[in-house]
Structure formats: C-alpha cells, structure tokens
1. Quote the Stokes-Einstein diffusion coefficient, in whole µm² s⁻¹, for the protein assembly as shown, based on the Kirkwood radius over alpha carbon pairs, a temperature of 10 °C and a viscosity of 1.306 mPa s.
2. Rounded to the nearest 0.05, what FRET efficiency do A:ASN366 and A:ASP342 have when you use their Cβ-Cβ distance and R0 = 25 Å?
3. Just list whichever of A:LYS37/B:LYS331; B:LYS311/B:LYS331; B:LYS45/B:LYS234 have alpha carbons separated by over 18 Å in the model shown.
4. Please give the length that would be gained between A:ARG316 and A:LYS280 if that part of the chain were fully extended, namely 0.36 nm times their separation in residues minus their C-alpha to C-alpha distance (nm, one decimal).
5. Give the aspartates and glutamates whose C-alpha is closer than 17 Å to that of A:LYS254, dropping any in the same chain fewer than 8 places away, or say none.
6. Could you check the spin-label model distance between A:ARG150 and B:GLU376? Points 7 Å from the Cα along Cα→Cβ, value in nm.
7. Going by the alpha-carbon gyration tensor, a ≥ b ≥ c the square roots of its eigenvalues, is chain B rounded (a/c under 1.5) or, if a/c is not under 1.5, prolate (a/b greater than b/c) versus oblate?
8. If I stretch the segment between A:LYS234 and A:SER269 completely, what's the gain in nm (0.36 nm per residue apart, minus their alpha carbon distance), one decimal?
Protein chains: 2
Amino acid sequence: MKPIKKRLLTPGPTMVPERVLEALSRPTLYHRSPEFKEIFLETRKLLKEVMRTEGEPLILTSSGTGAMEAAVANLFEPGDSAVVVVGGKFGQRWEELCRVHGVHPVVVSVEWGKAVDLKDVERALSENPGVKGVLVQICETSTGTVHDVRGIGELLKNFPEALLIADGITAYGVYDIPTDEWGIDVAITGSQKALMTPPGLAVITLNERAVNRLVESPKTYYFNLKKELKQQQKGQTAYTTATNLVVALNEALKMIVEEGVESVARRHSLLAEATRAGVKALGLELLSNSPANGVTAVLSPEGVNGQDVVKVARERYGITIAGGQEHLKGKIFRLSHMGYVDQFDVLTGLEVVELALKELGYDRFNFGDSVKAAMEVFYSSNL
Amino acid sequence: MKPIKKRLLTPGPTMVPERVLEALSRPTLYHRSPEFKEIFLETRKLLKEVMRTEGEPLILTSSGTGAMEAAVANLFEPGDSAVVVVGGKFGQRWEELCRVHGVHPVVVSVEWGKAVDLKDVERALSENPGVKGVLVQICETSTGTVHDVRGIGELLKNFPEALLIADGITAYGVYDIPTDEWGIDVAITGSQKALMTPPGLAVITLNERAVNRLVESPKTYYFNLKKELKQQQKGQTAYTTATNLVVALNEALKMIVEEGVESVARRHSLLAEATRAGVKALGLELLSNSPANGVTAVLSPEGVNGQDVVKVARERYGITIAGGQEHLKGKIFRLSHMGYVDQFDVLTGLEVVELALKELGYDRFNFGDSVKAAMEVFYSSNL
C-alpha cells in the first residue's frame with residue numbers, strides 16, 4: 001500500500017494543528033498596526049504564562065540558533081568566560097557561538113547520550129572564578145537527553161556572577177518548567193517544536209539580572225536585544241517581524257494554555273514513557289541515560305543502519321522520523337513525540353519502526369509487541 | 001459606514017494573494033526531507049529568474065535587515081572602507097551596520113527624497129582609494145525614491161575593487177532589474193514586499209566575485225554566508241528555515257513568473273504613474289525628485305499632519321497606509337502599490353486619501369478628482 005498521508009515525527013519542525021495553520025493563513029497584518037500590536041503583546045503574555053517567568057520574552061524572527069547567538073552576543077563581553085555543557089550537537093553550537101563572539105568557553109564535556117554530572121559543572125565553576133555564565137541545553141535534542149538544569153540553578157546560588165542561560169528549544173511545551181524558580185536567567189525556545197507552530201520564530205526571555213547585563217554595543221545589529229526589549233515592551237519589534245507566524249504562535253500558545261501547561265507536560269511524560277516501553281519491548285535500547293520527554297533516541301540494533309530505518313519509514317510509509325547527527329549518524333534513530341501529538345501518533349511511530357526493522361532484517365520481535373507495551377502504559381495511566 | 005474589510009497599502013508587509021496564503025497553510029514539512037529540498041531548490045531557481053541573476057540566491061530566515069547585516073559581516077573585514085549612500089532611513093541602516101562591524105563608512109549624504117548624484121559617488125570613490133564596496137538602496141523606501149544603481153554599476157567599472165551591494169528590498173518584483181548586467185554583485189530582497197509573501201524571509205544573492213570575497217570567519221554565526229552557500233547549493237539550510245514561508249514564497253514567485261517579470265514591472269510602473277497623477281490632481285506634491293514605482297511618498301498639505309491622514313484612513317476606513325519616518329514624520333504619507341495590487345486598489349487608496357484630507361480640513365479638490373486623473377492614466381495605457 002502506497003502512503004497517501006504524510007506524518008511528521010521529527011524533533012522539529014513538528015506537526016502543526018489545523019487551528020494554527022488556519023491562523024497562519026489569515027491575511028497579513030501590518031506590523032506597526034494597533035491590531036497587530038495587541039496580538040503581539042498578548043503573545044508575549046502567553047509566553048510568560050507557558051514559560052512560567054516574570055522575565056521579558058523577546059520574539060525574534062530566526063531559528064532557535066539566532067536566539068542562542070543573541071544570548072552570547074548580548075550578555076557577554078569579548079574576553080569573558082562561560083561554562084559550556086557539551087554533550088551533543090547543540091552543546092557544540094554553544095561552544096562555536098562563544099568562539100565567534102570572543103567568549104572563552106570552559107567546556108564541560110559529556111559523553112553523547114549522558115546527562116551532565118553536576119559535580120563537573122561545579123568543578124568548572126570553582127576552577128574558573130569570574131565565569132559570567134553557564135550555557136546549557138535543558139534537552140539536548142541530538143541525543144534525546146535531559147540535563148538537570150534545576151540542579152545547575154541550585155549550584156549557581158554559590159556563583160552569583162554567572163547567569164544561567166538555558167536552551168529550552170525542545171523543553172518548553174514538553175515540560176512544565178518554572179523558569180524563575182529554577183534560577184534560569186535566560187531561557188530560549190523556538191516556534192517549531194513543542195510550541196506547535198511552523199519554524200521561523202525564536203524566543204529568548206530575560207529576567208532582571210539578564211536585562212541589567214545586556215551589553216551597550218553588541219557586535220550584532222539584527223540581534224540587538226537592548227533595542228528589541230525597548231520595542232517589544234511597546235508591542236513593536238526593531239525590524240519587521242514574521243507577522244503571520246506570530247499570529248500562528250498566538251493561537252498555538254492559547255491551545256497550550258487551554259489544555260493547561262501541567263496537563264501538556266503530563267501528556268508528554270506519558271507519550272515518552274509509552275515510546276520507551278514500546279522500543280524496549282522490541283529488544284532495543286535507548287541511547288540516553290536520562291531520556292527526554294520530547295524525543296526518544298533509540299540505538300539501532302546490530303546490523304541495521306539507523307539511517308535506513310529513517311529511509312524506509314519515509315519512502316515506504318510516508319512517515320518522517322529523524323536519524324542521528326555527527327558520529328551518531330547510522331547508530332541511532334529518533335522518534336519525536338513533541339507538540340501536537342497524541343497516543344495514536346506514538347503508536348503509529350512504533351508501528352512504522354516495527355515495519356522498517358522487519359524489512360531491514362531485524363526480527364527479534366512479533367508485530368505489535370511495541371504497540372502492546374505502549375498501550376499498556378497508556379491504558380494504566382488514567383490520563 | 002463602519003469598515004468591514006481591511007486593506008493593506010503599506011510598503012511592507014503587503015497584501016498576500018489567497019493562493020500564497022493557501023500555500024502557507026499547508027502542513028509543515030521537515031526541512032531535511034527530500035520533498036522540501038526539491039521545493040527549496042526550485043525556489044532558488046525561481047529567485048534567479050525573477051532577480052535575473054546567475055548568482056547564488058541565499059534564503060535567510062530573518063527580515064531584510066538580517067540580509068543587510070549578512071552582507072556587511074561577510075563581505076568586509078574590520079577596517080575596510082565602504083561608500084554608503086545615505087538618503088533615508090535605510091541608507092542610515094547601512095551606515096549603522098558598518099559601524100557595528102568595524103567597517104569605515106564613507107558616507108555620501110543625500111537630502112531625503114532626492115536621488116543620489118552619481119558625481120558624488122564618483123568623488124567618494126576617487127577620494128578613498130581601496131574602498132571595498134558601495135552600499136546603496138535601489139529604492140529608499142522611507143522616501144519613495146529610486147537611486148540610479150545602474151549608473152553606479154557603470155561607475156564601478158573604474159573601481160574594480162569595490163563590490164556593488166544593492167538593497168533591493170522594495171525594488172525586486174517592482175522593477176525588472178537585470179542584476180548581473182547592471183553589475184550588482186550582491187542583491188538583497190525580502191519576502192514581504194513585491195514578492196507577495198508574508199514577512200520572515202530575506203534573500204541575498206552573490207555573484208562569483210562576491211562569493212570569492214566571503215570572509216573565512218565572519219563575526220556572525222547565524223548569518224554565516226559561506227556555511228549557508230554550501231548548504232543551500234544542496235537544497236539545505238545551515239539552520240532550520242521557515243519552511244511554510246518558503247513554500248509560500250515558492251508559490252508567489254510562480255505567480256510572478258506566470259505574469260512575466262516584465263509585465264509585473266510594467267504593471268507597477270503604471271500603478272505608480274496613476275498614483276502620482278491622482279495625488280497631483282489633488283494639488284499635492286511628491287516628496288521625491290525620483291519617485292519609485294513601489295511606493296509614493298506624498299507631502300502632506302499645509303495644516304494637515306501626515307500621521308492624521310494615516311490615522312483617519314485606518315480608523316475610519318480600515319485602510320492601512322504608511323506615514324513618514326524620523327524627521328519626515330507628520331510631513332508625508334506613503335501610498336504603497338507594490339506586489340499584489342491592481343488598478344482598483346490604487347483607486348481605493350486615492351479615495352481614502354481624499355476622504356481623510358476632507359475630514360482634516362484640506363478641501364482644495366472635489367471628490368473624485370484623483371480618481372479621474374488616475375483612471376485616465378489607466379485607460380490610456382492599453383495595459
């Protein structure tokens with residue numbers, strides 16, 4: 001049977017609800033109109049609610065990487081040092097951003113798939129007095145690993161000079177993260193992950209400490225956060241924002257608030273648990289020792305190239321899952337369950353994995369094994 | 001009568017065709033999927049056709065300002081000099097971008113509303129040997145003025161070291177610009193102007209000379225053009241692109257190619273001519289001595305604040321036109337006729353100007369005077 005439907009089970013872009021697509025396709029608004037200003041200010045308010053912060057959310061027209069660059073370029077002076085947790089592709093990105101902007105990265109290297117050991121972060125901070133910030137992912141998407149950012153926040157009480165800058169691109173909307181309570185000074189996210197909106201917008205929040213640390217003349221014009229802050233407090237942006245995407249994000253955030261941030265987090269926790277149970281029932285192992293709730297990275301069984309699983313899923317079944325990146329390419333595949341995803345989507349994802357693995361010669365399971373395990377998790381959850 | 005329809009007659013964002021909005025709202029694609037790659041490569045090809053260049057168009061997820069920053073950060077080394085034509089808000093932006101990136105701006109200052117005198121550009125080049133580029137707007141949107149970029153291209157034959165870097169954000173899709181023939185090495189445009197797509201994408205094209213000048217380690221990570229070029233030639237992007245917007249842009253470019261780039265330019269020329277005839281028939285004057293075909297800047301008559309014209313048009317009639325910026329605020333209003341605009345839209349724009357002016361006390365005309373003048377232009381054009 002040839003696929004007639006396309007399904008998107010990648011860790012971003014993710015599936016976008018019909019309601020959000022409808023909002024996206026409304027006639028374009030003028031970015032300086034009172035009508036748009038109102039939507040923009042409401043969107044910022046909704047972001048504060050979803051991200052649980054009293055800080056200032058700034059909406060940028062860029063991918064999440066743009067917001068990461070904005071953080072590095074606006075919160076550090078060249079010559080400053082920052083502790084950088086590097087346990088995957090996005091940790092590497094922090095490190096690369098530091099180098100471009102003349103920030104000295106004190107790298108805490110973590111085996112890909114492992115969560116960072118808080119003792120290593122503490123050691124890096126102790127051995128490098130005067131460090132101005134810690135750069136970390138809440139979820140390292142490339143390995144499907146969640147780091148203990150709350151723990152890092154605790155640690156930082158003893159290092160008041162260091163800002164906690166957390167890339168939550170695949171964490172916000174997956175977890176219920178009390179940003180302020182955890183001591184996250186700067187939180188970053190993107191539209192195209194659990195926020196259920198097409199790609200093109202990034203968000204960076206700044207608490208008061210972070211606002212006070214914004215440098216006067218950053219070496220970036222487009223990502224000048226001082227200028228953005230001044231504008232966005234008035235419902236404006238420094239440069240033309242992606243108005244249709246903002247209207248879509250507004251709608252998506254309303255959906256999250258309607259479902260309830262806590263409920264959304266419980267749903268993701270359950271989707272992840274069921275996925276993990278499913279793949280284990282096939283005799284497979286997870287890459288991560290601290291698996292994230294937004295995306296599950298699965299070690300491809302011996303003799304099966306993870307890229308082939310992705311290929312079969314897409315070409316034969318119309319379902320897009322993700323492979324591994326860098327040295328994990330071929331060794332893993334990743335099932336995302338982030339955003340506009342329910343239990344049947346998770347079961348579909350497991351089914352396609354079963355079908356692809358059978359075709360690729362791995363057959364230490366019977367059809368339906370992963371589905372059974374996942375359904376049992378769902379059924380007993382009472383959610 | 002209360003307005004029940006909204007009409008957008010601003011110089012960006014502009015009205016988006018229903019067909020493009022439909023494309024925008026198609027289910028989100030994975031940016032690394034073969035399906036998206038094909039669309040992306042086709043979009044790049046369409047851009048080459050519309051922009052008439054054999055250079056490399058790079059699509060960036062940002063406003064046009066992002067592409068301007070990319071040009072300055074990737075084509076100059078700190079300490080280089082560039083001639084900058086400053087005759088409005090966007091000329092100023094070039095100058096500011098130079099300062100952020102350590103490029104010395106040799107400013108050719110032009111009265112706002114005037115086109116640059118080529119002799120002044122030539123003098124700046126002669127007096128500053130070793131200048132590495134000329135930064136100019138094809139249309140200076142803030143004043144509705146078109147500069148003679150073709151002439152600058154001619155001049156530069158005697159200054160082979162200098163790249164011609166042209167901001168065509170409100171020029172491409174308005175004019176039929178033979179980019180390569182005019183000697184434009186780097187051309188910039190944005191999605192939300194005459195390209196009839198919502199805001200969020202910018203385009204920068206590089207010819208071979210420009211590609212060879214890309215610096216190895218630009219002081220920007222998100223806008224690293226060397227990295228983008230390598231990816232985009234394969235139909236990829238360095239970071240997640242705004243996939244829905246790319247699909248929409250693809251559709252809009254197809255519409256332009258179907259209508260024909262030359263026909264599109266003739267349409268804009270006529271819309272502009274009719275607008276100019278209309279406002280003159282009301283006894284009003286244009287700001288510009290070299291009026292652009294995408295937007296007409298009109299001097300507000302004595303005793304009438306241009307911002308009030310904008311306000312009445314929007315609040316009473318649901319029609320958004322633009323005011324003046326910086327020191328022109330209050331002194332002008334701007335009618336855009338760029339992109340998805342036909343003769344009836346132009347007539348509507350003139351009508352609302354008539355209505356607003358009457359209400360604001362300027363009555364040296366009879367209702368319909370501007371409409372008559374514009375209709376005569378349209379009728380006699382045989383277009």
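None of the figures in this text is laboratory data; all of them are computed from the coordinates on show. Since the structure is predicted, the reported quantities are computational estimates derived from the model, not experimental observations. Glycine gets a Cβ as well: all are built from the backbone with ideal geometry, and neighbour counts include every protein chain shown.
1. Diffusion coefficient, whole number: 59 µm²/s.
2. On the way: r = 25 Å, r/R0 = 1.00.
The calculated FRET efficiency here is 0.50.
3. On the way: A:LYS37/B:LYS331 24 Å; B:LYS311/B:LYS331 14 Å; B:LYS45/B:LYS234 12 Å.
Flagged as over cut-off: A:LYS37/B:LYS331.
4. On the way: separation 36, 0.36 × 36 = 12.96 nm, distance 2.38 nm.
Between A:ARG316 and A:LYS280, full extension yields 10.6 nm more.
5. Of all the aspartates and glutamates, those that pass the test against A:LYS254 - Cα under 17 Å, at least 8 places apart if same chain - are A:GLU18, A:GLU22, A:GLU38, A:GLU42, A:GLU49, A:ASP176, A:GLU262.
6. The modelled label-to-label distance comes out at 7.7 nm.
7. Working: a/c = 1.99, a/b = 1.34, b/c = 1.49.
Oblate, because a/c is 1.5 or more while a/b does not exceed b/c.
8. Numbers: separation 35, 0.36 × 35 = 12.60 nm, distance 3.67 nm.
Gain in length upon complete extension: 8.9 nm.
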